[in-house]
Amino acid sequence: MTSHEAAPGKERMSRDFLAAVIARRFPKGWLVNLGVGMPTMVGGYVHPDQEIVFTSENGVIGYAGIASGADIDHDTVNAGVQFVTLQAGAAIVHHADSFALIRRGMNDVTVLGSYEVAQDGSFANWRTSKGEWDNLGGIGGAMDLAACAQQVWIMMEHTTRENGPRLLEHCTLPVTAPDGVTMVFTDLGVFSVRDGRFTLEEHAPGWTPDEIAALTGAPLEVSPTVTEVQFPT
């Protein structure tokens, strides 16, 4: 297989599958920020026994998940302007207070989407848009979150639409933060990022480490305990 060539007949993990994998990795009682886009799906797979508290840059502390139907309150949205439900004891605070929580380093982890991640933990996840209905362009709170959260996890697709790599030796897009990413979750596997390298910890069902390495734009180490990703139950 040539570099970046797709493996024929291989299925990738769905976004829901990946969201469930991430959700089950949260230790009990963590304070978690979910970024705009794919990461917002993670909230729907957290078990109540985990006692996770989700925060949002717009001032919602203690929301549960995406709301639908009769649960929708048009005054309660996350940073991605999605309707959310609230947990018992939730609080709505000023935008500045929400960022004070972030900048004080109180978030145990932030889960962000990204276009690229480099092997040194740098990542690029912002964009600008002139679309008529797109008012979410720009950096948002990602720079503050990346600088201050205890851990930064990235959730994204492993390759671009053109099948180019997103895990790279160096980011080619403007960098959101120069380091800090500790874990990357893609539709092909789970990767740790430490000591300037990617290490494959879990691989998508039916995929081999060599096939994943061929779609990765940086050297890929394989954990001696690498396993196939299991859907959380």
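Conditions (1) closer than 21 Å to I22 by Cα; (2) among the hydrophobic types (A, V, I, L, M, F, W, C), marked per residue:
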position: T76; (1), (2): no, no
position: A88; (1), (2): no, yes
position: I102; (1), (2): yes, yes
position: S114; (1), (2): yes, no
position: G121; (1), (2): yes, no
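Considering each residue of region 89-110 in turn, none proves to be in contact with a strand residue (DSSP E or B) (Cβ under 9 Å, 6 or more places away or on another chain), in a loop (DSSP other than H, G, I, E, B), within 14 Å of V152 (Cα to Cα) and among the small types (G, A, S). In region 216-233, the qualifying residues are those that are surrounded by 18 or more Cβ atoms within 10 Å (Cβ to Cβ) and in contact with a Pro (Cβ under 6 Å, 6 or more places away or on another chain), and the one that is nearest to L18 (Cα to Cα) is T216.
I'd like the full set of residues that are crowded, with 18+ Cβ neighbours inside 10 Å and free of Cβ contacts under 8 Å to residues at least 60 places away in the same chain, limited to region 159-174. Within region 159-174, R166, L167, L168, C171 meet the criteria. Here is the figure for region 1-41: residues that are modelled with pLDDT under 95, surrounded by fewer than 15 Cβ atoms within 10 Å (Cβ to Cβ) and not charged (D, E, K, R) total 6. For the structure I just gave you, tell me whether I52 is buried (at least 21 other Cβ atoms within 10 Å of the Cβ) and within 14 Å of the chain's Cα centre (by Cα). No; evaluated as a whole, the condition is false for this residue. Candidates are the residues of region 191-209 that are out of contact with any Lys or Arg (no Cβ under 9 Å at 6 or more places or on another chain), touching a residue at least 24 places away in the same chain (Cβ under 8 Å) and farther than 21 Å from G180 by Cβ; the one that is surrounded by the fewest Cβ atoms within 10 Å (Cβ to Cβ) is P205.
Within the set L34, L86, the sole residue that is touching a residue at least 40 places away in the same chain (Cβ under 8 Å) and more than 28 Å from T208 (Cα to Cα) turns out to be L34.
The values are calculated or read from the model by the stated rules, or taken from the named source; none is laboratory data. None of the values given here were measured: they were computed from a predicted structure. Note that each Cβ is placed from the backbone with ideal geometry, even for glycine, and that neighbours are counted across all protein chains shown.
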